[in-house]
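Scroll down for the structure; my scribbles are underneath it.
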Amino acid sequence: MTSSKTFTAYGLVAGLCLAAGPASVAYAQEMPPVPQAIEDAGVVRVGTKCDYPPEGFLNNSGTPVGVEVSMGHQIAKYAFGEDAEAEIVCVTGSNRVPALLGGKIDVIIATMGINAERAEVVDFTDPYAWSSSGMVVRAEDSYNKLADLEGKPVAFIKGAWQIPYFDEHHPEVEKLLLDGVSDSLQALMQNRVEGYAHDTAVLISMVQNNSKIRLIEESYKIGTRGAAVRPGETEWLTYVNAAIKRMAEEGKLSEWLETYSDPETVEVKKTFWDMSKKPSQ
């Protein structure tokens, strides 16, 4: 049983940051060959979130942008040259695996938590980020710990890994399953739920920009995030793994975090992308 850990939202990561460092002049290791199926298609189709800044969201022109969106484009650049771009497909927590298995996309890079259940149906890369989970409530409400919400309705995003945690540890919580971040926040602000459970990193950004909500100082469900491909696509998995490693070594992940994160929370975000900062369970 995973024990919850009490923390202060900003104190949790105070003084910790992802070392950006200078970008490598040359990548030390040759990339593996591009799989023939990807080579023949001439494009990489990437499933990303489009409502989850800074990882993936729509800009003012309606174009998907963000850290994980940039990761998808960079895989295409490594495969086909600097002018290449990936075909970005917006996915949700509930439809990203079906989209992959159904052949609509080639890889998921969409805040995909690595766990044993998912590993039975997809093949994961090495983790490139870690996360913890949190709970936001309305600022004026008196809830101070997860147990305070037992018997109360709480919003969850469909397919989110917070759901099985609450099934096991807080089964009395009533679950309202919604499609995305905006739906869940709206449900909280409209008093249809008493809390919204999601990844700590995205909740911190929400709290920073909305004085009407606050983050309960209790974290849970610490885990890792990876990209995912269809089972058995070993050559493609090797390529995606090498591409993500190369991005990190070239300092691109840190650069994208700087580009797409709020200045007030960028150092917090960077911490979750530094695997050396991941706490033990």
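The values are calculated or read from the model by the stated rules, or taken from the named source; none is laboratory data. Computed from a predicted structure; not experimentally measured. Quick reminder, even Gly has a Cβ in these numbers, built from the backbone with ideal geometry, and neighbours come from all protein chains shown. Note: accessible area is taken over every heavy atom of the protein model, side chains too, but ligands, DNA and RNA are not part of it. Shrake-Rupley method; radii C 1.70, N 1.55, O 1.52, S 1.80 Å.
Looking only at the range 249-270, decide whether some residue is out of contact with any Cys (no Cβ under 6 Å at 6 or more places or on another chain), part of a loop (DSSP other than H, G, I, E, B) and closer than 22 Å to residue 79 by Cβ.
yes
Taking the range 42-78, which residues are among the basic types (Lys, Arg), surrounded by fewer than 20 Cβ atoms within 10 Å (Cβ to Cβ) and under 24 Å from residue 198 (Cβ atoms)?
Matches in the range 42-78: none.
From the residues in the range 134-170 that are hydroxyl-bearing (Ser, Thr, Tyr) and either under 18 Å from the mean Cα position of the chain (by Cα) or surrounded by 14 or more Cβ atoms within 10 Å (Cβ to Cβ) (or both), which one is modelled with the lowest pLDDT?
Per the stated criteria, the residue is 165.
Just to be sure, is residue 83 among the acidic types (Asp, Glu), at pLDDT 95 or above and in a helix (DSSP H, G or I)?
Here the answer is no, as residue 83 does not meet what is asked.
For the range 133-161, which residues satisfy the criterion of being part of a loop (DSSP other than H, G, I, E, B), touching a strand residue (DSSP E or B) at 6+ places or on another chain (Cβ under 6 Å) and either over 18 Å from residue 206 (Cβ atoms) or of a type in the set (A, V, I, L, M, F, W, C) (or both)?
Listed by number, the residues that qualify are 139, 158, 161.
Okay, residues lined up against (1) more than 23 Å from residue 157 (Cβ to Cβ); (2) at pLDDT 90 or above; (3) not in a helix (DSSP H, G or I):
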site	(1), (2), (3)
1	yes, no, yes
15	yes, no, yes
28	yes, no, yes
33	yes, yes, yes
37	yes, yes, no
98	no, yes, no
104	no, yes, yes
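Report whether or not residue 110 is hydrophobic (A, V, I, L, M, F, W, C) and open to solvent by less than 60 Å² (accessible area, probe 1.4 Å).
Yes: the conditions hold for residue 110.
Quick one: what pairs do we get from the range 262-281, first residue open to solvent by 60 Å² or more (accessible area, probe 1.4 Å), second assigned to a loop (DSSP other than H, G, I, E, B), C-beta under 7 Å, 6+ apart or different chains?
Correct list of pairs: 267/17; 275/127; 277/16; 281/2.
Determine the pairs where a residue that is farther than 11 Å from residue 71 by Cβ and touching a residue at least 12 places away in the same chain (Cβ under 8 Å), located within the range 239-259, has a partner that is of a type in the set (Lys, Arg) and open to solvent by less than 40 Å² (accessible area, probe 1.4 Å) with Cβ atoms under 7 Å apart, the partner being 6 or more residues away or on another chain.
What qualifies is 254/270; 257/269; 257/270.
Please find, within the range 223-243, the residue that is farthest from residue 119 (Cα to Cα) out of those that are crowded, with 22+ Cβ neighbours inside 10 Å and of a type in the set (Val, Ile, Thr).
240
Would you check if residue 166 is touching a strand residue (DSSP E or B) at 6+ places or on another chain (Cβ under 6 Å), within 24 Å of residue 279 (Cβ to Cβ) and without any contact (Cβ under 8 Å) to a residue 60 or more places away in the chain?
Answer is no for this residue.
For the range 206-227, does any single residue satisfy the condition of being more than 29 Å from residue 154 (Cα to Cα) and either out of contact with any Gly (no Cβ under 6 Å at 6 or more places or on another chain) or outside any helix (DSSP H, G or I) (or both)?
Taking every residue of the range 206-227 in turn, none turns out to be more than 29 Å from residue 154 (Cα to Cα) and either out of contact with any Gly (no Cβ under 6 Å at 6 or more places or on another chain) or outside any helix (DSSP H, G or I) (or both).
It is to be established whether one or more residues within the range 183-190 are open to solvent by 20 Å² or more (accessible area, probe 1.4 Å), among the polar types (S, T, N, Q) and part of a helix (DSSP H, G or I).
Yes, the conditions are met somewhere in the range 183-190.
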